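Student: One structure, as structure tokens, below. Some questions next.
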Amino acid sequence: MDMDHRPRTRLLSLVTIGTLFLGTSACGGGGGSGSAGRQSGDLVVAVATEPSTLDPQLVNDRSSRIVTDNLFETLLVRDETSQIQPKLADKYERVDDTTWRFTLHPGVTFHDGSPFDADAVVFSIERIIDPDFDTQRTSYTEGIEGARKVDPRTVDILTDGKNPVLPAEMTSIPMVSPASAGQQSFGHEVIVGTGPYKFGTWQRGREISLVRNDAYWGEKASIAAFTVRVVPDAQTALSALQAGEVDLVFDLFPEQAKLAPQVKEIRASDFSYVAFNTHRKELSDPRVRQAMNLAVDKESLAETIYQGHATPNQAQHLAKGMLGFNASLSPFPYDPEQAKRLLAEAGYPNGFDIELHVPIGRYSKGEETADFVAAALGAVGVRAKVVKHDWNDYRELGRVKGTESGAFDLKYGWNSNEWFDAARIKSHITCKGASSKFCDPKVDELVKAGADTLDQAERQRDYADMWARLHENPYSIYLLQQNYIFGASQRLEWNPRPDDSYFVSTMRLTS
């Protein structure tokens, strides 16, 4: 969508408007909040893509999380240092190899007034693991068999064996209201959580507003209301930030950083890559995939496209300090001549034609990176046509199984590792993984070994070996560890988190 650079009309008080819609449906249109000035105490965040839904159990992208992180909560949460802490659960313990017990915080209610209790936890767990529930959070539910009520404040989470990452999974599964989840009102979702903010309005294609939950069970947020505004054009978003129309812009381009009133940057737990569909004949030989890794100059990519705001990752979706990191691995060197030799050995001296798929506007410099990779592959004979998709279309099409018609040959994306644990990658690299187009029984064996022990030293060894195997038999072109670059107004006090969570209750406005 083309947008001009003129300042937008300011918003009506979201507190006034939001009170009309608390705990109701995602209404849009008439009487909206965009026709007059916003209150000085309100926050406005600009995002490039609009969420397809605000059901937090269905999706997990950044444009959704800035909304859902503040409406919904989890049993456990990571603090600013990434350590797991209690949230809706006051404590938890492992009862046996297949049972974890959680004691819930008393007196918590959903925005619709219904209680948050063991029944709600059982409902939330059973809902997200239901095979008929088409969640895109499958990597967060691996190994969870179900949930069982012990008493109103106690619930057991059941696993299909030892599950050393169950606490991490519980930081990633939002709790939803049994009375409201999946319900519709006036043709729109009913959006009800336990969080410090309540849903206000949704003007489709334009903005979503939230208002403070003054009945919140925990510490009250200082910001009375906030709006998430859809601004697909990056220059328009920056202009709005400079003009004081917005307070926070996601995914500033590197060249924009010096133009923002404030820059907030952090080395992220996101790793960019191009996944292979190894079920395609031309990509089935590991030598071809090694060659494609050697064809791409990651240092040049980091320094040119990202202007130093990223760094080549060590051929794994982990960084130092994360469990499973293999310190002996290095990025594939840039060696186009060796790439050509490997392609010839694999039977492709003249290369082949293929498609590289990328979403529009979802990842900072994503389209430019796809073009860079395609040019690098072309230089060694792999003629990659870049195909660009709307984000929501890409998200659906990208999950087509590698053995099925319409599956992407090559898929550019970022893999987030907010668990700081190699187990997070399971769904992308195992033979039956929901997001996988790759199958190596040795990798599956090592993944299973890492999942079947609670000994962290053993898990470290198993996952380090797994990444060594994925270096010999790559599932993707390993690109960069990304930085998150945010533009902020001078009045915003906030520090970004490496786990890509966005809690407005931790933000402050100075005026």
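No lab work stands behind these numbers, since they all come straight from the coordinates. Worth saying up front: this structure is predicted, and the values here are computed from it rather than measured. With ideal geometry, Cβ positions are generated from the backbone for all residues, glycine too; neighbour counts draw on all protein chains shown.
Student: Going through the cross-link list 340/432; 411/448; 198/258; 388/442; 87/220; 320/411, which pairs have a Cα-Cα distance over 23 Å in this structure?
Tutor: 340/432; 411/448; 198/258; 388/442; 320/411
Student: For the chain, with only Lys/Arg (+1) and Asp/Glu (-1) charged at the beta-carbon, what is the dipole magnitude about the Cα centre, in debye rounded to 20? Write down the numbers at each step before the final one.
Tutor: Details: 55 positive and 70 negative charges, 144 e Å.
Using only the charged Cβ atoms, the result is roughly 700 debye.
Student: For the modelled label position 7 Å from the Cα of residue 452 along Cα-to-Cβ, which residues of region 84-115 have backbone nitrogen atoms closer than 18 Å?
Tutor: Answer for region 84-115: 97-99.
Student: Tell me what the chain gives for mean residue ellipticity at 222 nm when only DSSP H runs of n ≥ 4 count, each as -39,500 (n - 2.57), the sum divided by the residue total, rounded to 500 deg cm²/dmol. Can you show the working numbers first?
Tutor: Details: 13 runs with 120 residues, N = 511.
Value at 222 nm, helices only, nearest 500: -6500 deg cm²/dmol.
Student: May I ask which residue of 147, 276, 60 lies farthest towards the positive end of the charge dipole of the chain, with charges of +1 (Lys, Arg) and -1 (Asp, Glu) on Cβ and the Cα centre as origin?
Tutor: Projecting each Cα onto the dipole axis, the largest value belongs to 60.
Student: What is the angle, in °, between the Cα long axis of helix 62-71 and the longest principal axis of the Cα atoms in the chain? Nearest 10 is fine, range 0 to 90.
Tutor: Long axis of 62-71 versus the principal axis of the chain: about 30 degrees.
Student: Taking the chain as the reference, fit the longest principal axis to its C-alpha atoms, fit the long axis of helix 441-451 to the helix C-alpha atoms, and give the angle between the two in degrees, 0 to 90, nearest 10.
Tutor: For helix 441-451, the angle is close to 40 degrees.
Student: Additional query: Give the residue list of trypsin sites (Lys or Arg not before Pro) in region 432-511 that are DSSP loop and have at most 12 other beta-carbon atoms within 10 angstrom. Write out the running numbers ahead of the final one.
Tutor: Details: sites: 432, 437, 442, 448, 459, 461, 469, 491, 508; in loops: 432, 437, 491.
Within region 432-511, the qualifying trypsin sites (Lys or Arg not before Pro) (loop, at most 12 other Cβ atoms within 10 Å) are 432.
Student: Now for a separate question. Show me the ranking of peptides 75-85, 296-306 by mean Cβ neighbours inside 10 Å, starting with the highest.
Tutor: Working: 75-85: 15.4, 296-306: 18.8.
Ranked by mean Cβ neighbours within 10 Å, highest first: 296-306, 75-85.
Student: Take peptides 243-251, 278-286 and line them up by average Cβ neighbours within 10 Å, highest first, as a rough protection proxy. Let's see the in-between values first.
Tutor: Working: 243-251: 22.0, 278-286: 17.3.
My ranking of the peptides, most packed first, is 243-251, 278-286.
Student: What percent does the relative contact order of the chain come to when contacts are Cα pairs within less than 8 Å and at least six residues apart?
Tutor: On the way: 1157 pairs, mean separation 101.5, N = 511.
Relative contact order of the chain: 20 percent.
Student: Here is a further query. Given the C-alpha centroids of region 346-410 and region 39-72, what is the distance between them in whole angstrom?
Tutor: Rounded to whole Å, the Cα centres lie 28 Å apart.
Student: Another question about this same structure. Which is farthest toward the positive dipole end of the chain among 209, 224, 262, measuring Cα position about the Cα centre, with Cβ charges +1 (Lys, Arg) and -1 (Asp, Glu)?
Tutor: Checked the options; the winner is 262.
Student: Using 0.36 nm per residue of separation minus the Cα-Cα distance, give me the extension gain between residue 511 and residue 82 in nm, one decimal. Mind dumping the intermediate values first?
Tutor: Values: separation 429, 0.36 × 429 = 154.44 nm, distance 2.96 nm.
Working it through step by step, the gained length comes to 151.5 nm.
Student: Taking 30 Å as R0, compute the FRET efficiency from the Cβ-Cβ separation of residue 405 and residue 337 and round it to 0.05.
Tutor: Working: r = 36 Å, r/R0 = 1.20.
Result of the calculation: an efficiency of 0.25.
Student: To continue, here is another question. Quick one: Karplus J couplings for region 337-353, per residue in order, coefficients 6.51, -1.76, 1.60, θ = phi - 60°, nearest Hz, x for Gly and Pro?
Tutor: So the J values, rounded to whole Hz, are 5, 5, 4, 5, 5, 5, 4, 5, 4, 7, x, 10, x, 9, x, 6, 9.
Student: Residue 262's amide H: which non-local residues (gap 5+, or another chain) put their own amide H closer than 5 Å, with H modeled 1.01 Å from N in plane and none for Pro or chain starts?
Tutor: Hits under the 5 Å cutoff: 488.
Student: Could you give each residue of region 300-316 its phi-based ³J(HN,Hα) in whole Hz, using Karplus coefficients 6.51, -1.76, 1.60 with θ = phi - 60°, and x for Gly or Pro?
Tutor: So the Karplus estimates, Gly and Pro as x, are 5, 4, 5, 7, 9, 5, 9, 6, x, 8, 6, 9, x, 7, 7, 6, 6 Hz.
Student: Let me ask something else. Starting at the first residue of region 102-114, write each ³J(HN,Hα) from the Karplus equation 6.51 cos²θ - 1.76 cosθ + 1.60 with θ = phi - 60°, in whole Hz, x for Gly and Pro.
Tutor: Along region 102-114, the couplings run 10, 9, 8, 5, x, x, 7, 10, 6, 4, 8, x, 6 Hz.
Student: For the chain, build the charge dipole from Cβ charges (+1 Lys, Arg; -1 Asp, Glu) around the Cα centre, then report which of 111, 457, 172 sits farthest towards its positive end.
Tutor: It is 111, whose Cα lies furthest towards the positive end.
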